[in-house]
Amino acid sequence: MAAVRARLCSRNPHKLEELRAALSGWELELLDADGYPPEDGASYYENARAKAQFGLDHAGPRVWIIGEDSGIEALALGGRPGVHSARWADDGVARLLAEVAGADDRSARYVCELVCLTADGELRGAGILDGTLAAAPRGSEGFGYDPIFVPAGETRTVAELGDEWKRRHSHRARAAQALFAAAPS
């Protein structure tokens with residue numbers, strides 16, 4: 001595939017770096033715009049699609065536009081905070097740990113949905129990373145809930161495993177790989 005030029009509808013440089021690593025051969029930049037839409041959809045897809053549409057309205061049809069939404073879902077909390085992860089609490093890590101304290105099942109999963117709008121239509125990629133919640137934050141890399149998320153098969157948190165591990169194995173990397181596979185050759 002020829003190099004794809006795309007804009008990510010996000011202000012988060014960490015997400016940009018993860019997607020750049022996973023979408024090799026794509027020229028990916030953050031969309032420079034004000035007034036991003038609120039993340040008030042009922043699903044990751046709805047939020048990602050709204051961001052992508054916002055980007056398309058601002059950047060025009062010649063650039064591929066990627067909208068992203070992701071979150072963490074705790075089994076003991078019935079899947080919360082889910083689509084509300086980014087705005088669930090001022091300190092989401094502390095709140096999540098407090099709410100699962102004493103829970104027998106600390107299973108959790110990271111979920112990511114990517115929507116790419118092009119002049120020819122829509123591409124989607126979804127990714128899930130299963131794991132458990134640690135008892136306390138550990139590690140210094142990553143962002144968000146990474147200090148308390150232990151991926152399945154690992155003993156260390158994502159923050160301990162590090163940014164390089166995350167760029168290859170995260171829910172966002174998996175969603176990007178699915179998006180890459182859906183893109184026309």
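What to note about this one:
Table: residues versus (1) part of a strand (DSSP E or B); (2) over 12 Å from CYS116 (Cβ atoms); (3) of a type in the set (Gly, Ala, Ser); (4) in contact (Cβ under 8 Å) with a residue 24 or more places away in the chain.
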residue: ALA21; (1), (2), (3), (4): no, yes, yes, yes
residue: GLU27; (1), (2), (3), (4): yes, yes, no, yes
residue: ALA33; (1), (2), (3), (4): no, yes, yes, yes
residue: PRO37; (1), (2), (3), (4): no, yes, no, no
residue: TYR45; (1), (2), (3), (4): no, yes, no, yes
residue: PHE54; (1), (2), (3), (4): no, yes, no, yes
residue: HIS58; (1), (2), (3), (4): no, yes, no, yes
residue: ILE65; (1), (2), (3), (4): yes, no, no, yes
residue: ASP69; (1), (2), (3), (4): yes, yes, no, yes
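- So PHE180, is it aromatic (Phe, Trp, Tyr) and in contact with a strand residue (DSSP E or B) (Cβ under 9 Å, 6 or more places away or on another chain): yes
- Checklist (1) in contact with a helix residue (DSSP H, G or I) (Cβ under 7 Å, 6 or more places away or on another chain); (2) farther than 30 Å from ILE65 by Cβ applied to LEU161, failing item: (1)
- With respect to the conditions (1) in contact with a helix residue (DSSP H, G or I) (Cβ under 9 Å, 6 or more places away or on another chain); (2) farther than 25 Å from GLU164 by Cα; (3) surrounded by 13 or more Cβ atoms within 10 Å (Cβ to Cβ); (4) of a type outside the set (D, E, K, R), GLY35 falls short on a single one, namely (3).
- Selection within the range 133-151 - out of contact with any Leu (no Cβ under 9 Å at 6 or more places or on another chain) and either of a type in the set (Gly, Ala, Ser) or surrounded by fewer than 19 Cβ atoms within 10 Å (Cβ to Cβ) (or both): ARG138, SER140, PHE143, GLY144
- Test: residue in the range 78-86 that is without any contact (Cβ under 8 Å) to a residue 60 or more places away in the chain, among the β-branched types (Val, Ile, Thr) and either surrounded by fewer than 20 Cβ atoms within 10 Å (Cβ to Cβ) or farther than 29 Å from GLU154 by Cβ (or both): no
- Which numbered condition LEU96 misses (of (1) buried (at least 21 other Cβ atoms within 10 Å of the Cβ); (2) closer than 28 Å to GLY55 by Cβ): (2)
- Considering the range 62-89, and only residues there that are small (Gly, Ala, Ser) and closer than 19 Å to ASN12 by Cβ, the residue that is farthest from the chain's Cα centre (by Cα) turns out to be ALA89.
Here's the yes/no breakdown for (1) at pLDDT below 95; (2) in a loop (DSSP other than H, G, I, E, B):
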| residue | (1), (2) |
| --- | --- |
| ALA86 | yes, no |
| GLY139 | no, yes |
| TRP165 | no, no |
| ARG174 | no, no |
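Residue by residue, here is whether (1) buried (at least 18 other Cβ atoms within 10 Å of the Cβ); (2) under 16 Å from the mean Cα position of the chain (by Cα); (3) under 30 Å from ASP57 (Cα atoms) holds:
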site	(1), (2), (3)
GLY92	yes, yes, no
GLY153	no, no, no
LYS166	yes, yes, no
SER170	yes, yes, yes
ALA175	yes, yes, yes
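- Every condition in (1) assigned to a loop (DSSP other than H, G, I, E, B); (2) crowded, with 18+ Cβ neighbours inside 10 Å is met by ARG109 except one, and the failing one is (1).
The values are calculated or read from the model by the stated rules, or taken from the named source; none is laboratory data. Because the structure is a prediction, the values reported are computed rather than measured. Glycine also receives a Cβ, built like all others from the backbone with ideal geometry; neighbour counts cover every protein chain displayed.
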